[in-house]
Structure formats: C-alpha cells, structure tokens
Amino acid sequence: MAAQISSPQNKYYLSGIDWVISAFDYTMKKTTSSGNASQIVVEMDPAVDSERLESTIIEFTKYFPVLFGTVVRNMYNLAPYWRVARNGNNRLNIETHSMNGHSSANGLMPFFEKSINTPFRDKNEHLAFRIIQADSKKTYLTMIFDHRLLDAHGAETLLDLLRRFVHDNSDRSIFHDIRLTAPLAMSSWKKRLHAGRNINRKFIAWSRTAFDSLSSGSGKNVGFRFNVNTFDAEETKAIYRNAENEAGYLMGMAYLLAAVLQGMQNLFKTKGVDSPRFLIGISVDMRKTGEKKQKLFFNHWSYMFFQIQVDAASTRKELIHAIKQQMYDQVKTNFSGDFAESSFLFRFVPLRVLGKWLNKELLSFVFSFMSKGPFVSSEFMGTNVTNLFHLPRVPVPPGLGFFFNYFNGRLNFVISYREGLLRNDEIALLERVIQEQIRTR
C-alpha cells in the first residue's frame with residue numbers, strides 16, 4: 001500500500017515550525033540560487049550496479065506520492081496544508097554520472113555543490129538523486145531534499161527505508177506506521193499566546209546586547225560552499241572520551257560547540273573584534289524512539305538559542321559550562337516547547353511578510369550535532385557504506401553553519417557557508433582551530 005495522504009479531508013496541516021521552514025525557503029529563493037534544501041552523501045566501496053540502483057530508487061519512490069506536492073491554504077480557515085500533486089506523470093529527478101579522475105568526497109565537492117545549489121525543476125518537486133561512479137572504485141549516492149518536506153533525521157530515515165527496500169522489495173512493513181496526516185490545530189490559542197509572550201521576552205532580552213555576525217552580502221545567483229572533514233575511528237574515540245571527561249555523559253554537543261566558538265573567536269580577532277558575542281541557533285532532535293518513523297516527513301526538530309561571549313582567555317571548560325547552563329535553563333523553562341507552540345501563530349502570516357521579518361540579522365551562525373542518525377547500517381546493496389554526511393544550505397542571514405554527524409565509528413565535521421561570506425584563508429583558519437580544539441585534551 002502506498003504511503004500517501006488518502007483524501008482531501010485527511011490532510012497534513014503544517015505546524016508552525018513547518019511554516020517557518022517554508023518562510024526560510026521563500027527568502028532563500030529570493031536571496032540565493034535556490035531554496036531551503038540539504039543533501040546527504042552516501043559513500044560506498046566497492047562500486048555498485050548503478051543501473052539496478054537507479055531502477056530500484058524509482059520503484060521505491062512510487063510508494064510515496066507525498067514526495068510530489070505543494071503547500072496551499074485551506075480557503076475556509078487559512079491554515080496551510082500539504083497537497084499531493086494530482087498529476088500522475090511526476091517523474092523522479094535522478095541522474096547517473098561517471099566521474100573519472102575522482103574517487104574522494106573532497107575531490108567530488110564541486111559536483112556536490114552544483115547539485116545542492118541547483119533549484120528543483122518545479123514547485124511540485126522536492127527530492128532528487130544523483131549516482132556518481134568514481135573511477136569504477138566507489139559509488140556515491142546523493143539525495144537532495146527540500147526541508148519543507150523532510151528534516152535531516154527524516155531524510156536519513158527515508159534512505160534507510162530505501163536500503164531495506166533494496167534488500168527485500170516485497171517487505172511491505174517498510175511502509176507501515178508512517179504518519180501522513182496532522183490535525184488542523186486551531187485550538188489552544190491561550191496556551192500559544194502565553195508561549196509567544198515567553199519567547200518574545202527572551203528575544204527582547206537577547207536583543208538588548210548586540211551580537212556579532214558576518215555580513216551575508218547579496219547576490220541572487222550565489223550558492224553555498226562546503227568544507228568537509230572526517231575524523232578516523234581512533235580520532236573519533238579519543239574525541240568522545242575527551243567530550244565525556246570534560247563536558248559529561250552525552251554532552252558531545254557542548255564539547256563540539258565550544259570548539260566552534262573558539263574557532264569563531266580566532267576568526268573575529270583577525271577582523272579586530274577580540275571578544276565577540278555570538279547568538280547561536282541550535283537544532284536538536286528530541287523525537288522519542290517510537291516516533292522516528294512516524295514523524296518521517298515534514299519538520300520535527302526542536303530549537304534552542306544560546307548567547308555567549310568569547311575572548312582569547314576563554315577556556316574550553318568555561319565555554320562548556322556556559323553552554324550547559326543555558327541549555328539547562330532552556331530545558332527547565334521549556335523554551336523549545338514554547339517556541340514550537342508560539343510558532344503556530346505565524347501560520348496566518350503570508351510568507352512574503354514572515355520572510356521579510358526573518359531576512360534580518362537574527363543569528364551569528366547555526367549549529368547541529370547528530371550523534372546517531374537513523375541510517376546506521378554499514379551495508380547497502382551488498383557493498384560497504386564507508387561514510388555518510390550532510391551538506392545543508394543555511395538560511396541567509398546568517399548564511400553560516402557548523403554541522404557534525406557520527407557514522408560507522410567516525411565523526412564528520414562540515415562547514416556550510418554562503419559563497420563570498422568567507423575567504424579561503426578564513427575557512428582554513430576555522431578548520432584548523434576547530435580541529436585543534438576538538439582533538440586537544
């Protein structure tokens with residue numbers, strides 16, 4: 001049975017967070033080459049049969065008509081919902097390429113960048129695949145996805161379902177328990193107004209102190225660049241030991257963010273700012289285990305915001321303490337819950353209006369750490385999966401993000417930045433300092 005929205009009365013109404021993500025998509029299409037999208041890269045060694053892989057992906061996606069659709073408003077209550085495209089001839093955007101002379105992910109980065117910076121073909125398309133045969137030694141499978149339809153965790157879950165489908169395409173349990181309806185959510189306004197008041201007070205408090213950020217510039221056709229680093233298994237084990245010793249059990253996020261803050265302090269020092277103050281947007285996956293597959297489509301991440309000042313004398317221990325303190329305070333006050341509730345109030349604001357408000361210097365940079373994604377298998381189509389990492393476009397402003405994910409015993413570290421935001425020597429500085437801080441005991 002296909003995973004689809006079954007009737008006009010059984011709609012998936014967007015949450016407030018979904019609507020904010022749609023607003024970011026709107027602004028990014030106005031200010032950059034494409035929308036609010038991301039790309040997962042799966043590295044396989046040895047190479048796989050690309051023709052079989054392509055035909056299997058096409059067959060798999062036929063079970064998900066929801067992949068083709070668009071956001072519309074209910075004409076009676078103005079609530080936005082997802083409408084599956086009625087055209088039955090939707091053709092999956094999938095291509096196979098041979099890239100002789102390149103076998104490493106960094107060597108293929110210009111291709112990956114071109115893929116993620118290319119807009120989808122029309123308003124109903126939200127997913128694209130690229131299969132790259134690299135020197136007949138490796139296969140890279142990339143999935144470009146629209147954040148309006150999938151968040152990072154959901155995208156990995158979809159890839160893991162594809163892996164299972166490749167193994168046994170008769171297993172229909174793959175498609176069970178995927179929720180494709182969501183309520184109208186037109187009640188609890190008192191609760192949402194109260195949550196909105198709490199969030200507004202917090203942002204007013206943050207706004208009383210100026211924060212530092214890089215100028216995101218302008219240019220409609222400008223894309224995103226990426227810098228990818230992968231720590232080997234031994235380095236990753238040492239990093240996790242250091243994180244537990246210095247930040248505490250399951251506090252890898254605080255440890256890695258502290259290293260990023262020290263890298264940013266070094267960067268701003270070259271610009272004459274010795275003690276920069278940063279306002280950071282943090283995305284966190286708080287889905288319960290039983291919700292991972294149910295909440296495959298659309299956006300289910302939670303958000304926190306930290307304001308931290310850094311100077312040359314700031315130790316990693318001090319930064320970790322500051323991060324943890326703000327995290328504990330926001331958990332205690334249910335900041336993420338209030339943010340999600342209050343965002344429902346945005347659903348009635350037109351995208352062009354909400355997008356204009358979001359198109360301001362609201363943050364210094366964004367940060368995320370996926371300590372364990374849903375795609376954990378080291379096997380795909382009978383070959384070894386040697387790595388998996390994410391290349392997300394970042395809302396502009398700030399146009400700068402730092403992303404970590406753990407896969408198969410190795411930690412990946414990605415810097416995503418709007419083209420022109422950073423010079424090559426500045427990227428090299430960030431990369432060097434952050435790696436040094438992550439590795440140093």
Cβ-Cβ distance below 9 Å, separation of 6 or more or different chains: which pairs start in region 285-296 with a residue that is at pLDDT 75 or above and end on one that is of a type in the set (V, I, T) and outside any loop (DSSP other than H, G, I, E, B)? K292/T157; K293/T157; K295/T157; L296/T157
For region 195-214, give me each residue that is in a loop (DSSP other than H, G, I, E, B) and surrounded by 12 or more Cβ atoms within 10 Å (Cβ to Cβ). F211, D212, S213, L214
Of F344, F348, F339, which residue is crowded, with 21+ Cβ neighbours inside 10 Å, in contact (Cβ under 8 Å) with a residue 40 or more places away in the chain and out of contact with any strand residue (DSSP E or B) (no Cβ under 8 Å at 6 or more places or on another chain)? F344
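Out of L53, L78, I need the residue that is more than 20 Å from N124 (Cβ to Cβ), of a type in the set (A, V, I, L, M) and surrounded by fewer than 13 Cβ atoms within 10 Å (Cβ to Cβ). Which one?
Selected residue: L78, the only one of L53, L78 that is more than 20 Å from N124 (Cβ to Cβ), of a type in the set (A, V, I, L, M) and surrounded by fewer than 13 Cβ atoms within 10 Å (Cβ to Cβ).
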Mind checking which residues of region 408-422 are in a strand (DSSP E or B) and surrounded by fewer than 21 Cβ atoms within 10 Å (Cβ to Cβ)? R410, V414
Which numbered condition trips up R410, out of (1) over 21 Å from M109 (Cβ atoms); (2) in contact with an Asp or Glu (Cβ under 7 Å, 6 or more places away or on another chain); (3) in the same structural domain as I204 (by TED's automatic domain parsing)? (1)
Being over 25 Å from the mean Cα position of the chain (by Cα) and assigned to a helix (DSSP H, G or I) is the filter here; which residues of region 167-194 pass it? H167, R172, S173, W189, K190, K191, R192, L193, H194
Pair list, Cβ < 7 Å and 6+ apart or interchain, from region 112-123 residues that are farther than 16 Å from T32 by Cβ and free of Cβ contacts under 8 Å to residues at least 12 places away in the same chain to residues that are acidic (D, E) and surrounded by 12 or more Cβ atoms within 10 Å (Cβ to Cβ): none
Among L358, L391, L430, L400, the single one that is modelled with pLDDT of 95 or more and within 30 Å of Y12 (Cα to Cα) is L391
Out of T209, T181, sole residue that is in the same structural domain as F339 (by TED's automatic domain parsing) and touching a residue at least 12 places away in the same chain (Cβ under 8 Å): T209
Taking region 322-339, which residues are of a type in the set (G, A, S) and farther than 15 Å from Y303 by Cβ? A322
Among (1) part of a helix (DSSP H, G or I); (2) under 28 Å from N424 (Cα atoms), L159 falls short only on (2)
Out of (1) within 23 Å of the chain's Cα centre (by Cα); (2) farther than 24 Å from A152 by Cβ, the one N266 does not meet is (1)
Being in contact with a Pro (Cβ under 9 Å, 6 or more places away or on another chain) and not basic (K, R) is the filter; apply it to region 58-86 and report the residue that is modelled with the lowest pLDDT. N74
For region 87-101, indicate whether the set of residues that are of a type in the set (V, I, T) and at pLDDT 90 or above is non-empty. yes
What residue, among those in region 272-289 that are out of contact with any helix residue (DSSP H, G or I) (no Cβ under 9 Å at 6 or more places or on another chain) and assigned to a strand (DSSP E or B), is farthest from M253 (Cα to Cα)? R277
Can you spot a residue in region 364-371 that is under 24 Å from M253 (Cβ atoms), assigned by TED's automatic domain parsing to the domain that holds L214 and free of Cβ contacts under 8 Å to residues at least 40 places away in the same chain? no
If you go through A243, A233, the only one that is among the aliphatic types (A, V, I, L, M), touching a residue at least 24 places away in the same chain (Cβ under 8 Å) and more than 20 Å from L267 (Cβ to Cβ) is A233
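The values are calculated or read from the model by the stated rules, or taken from the named source; none is laboratory data. On a predicted model such as this, the values are computed, not experimentally measured, just so you know. As a convention, Cβ positions derive from the backbone with ideal geometry for all residues, glycine included, and neighbour counts pool all protein chains shown.
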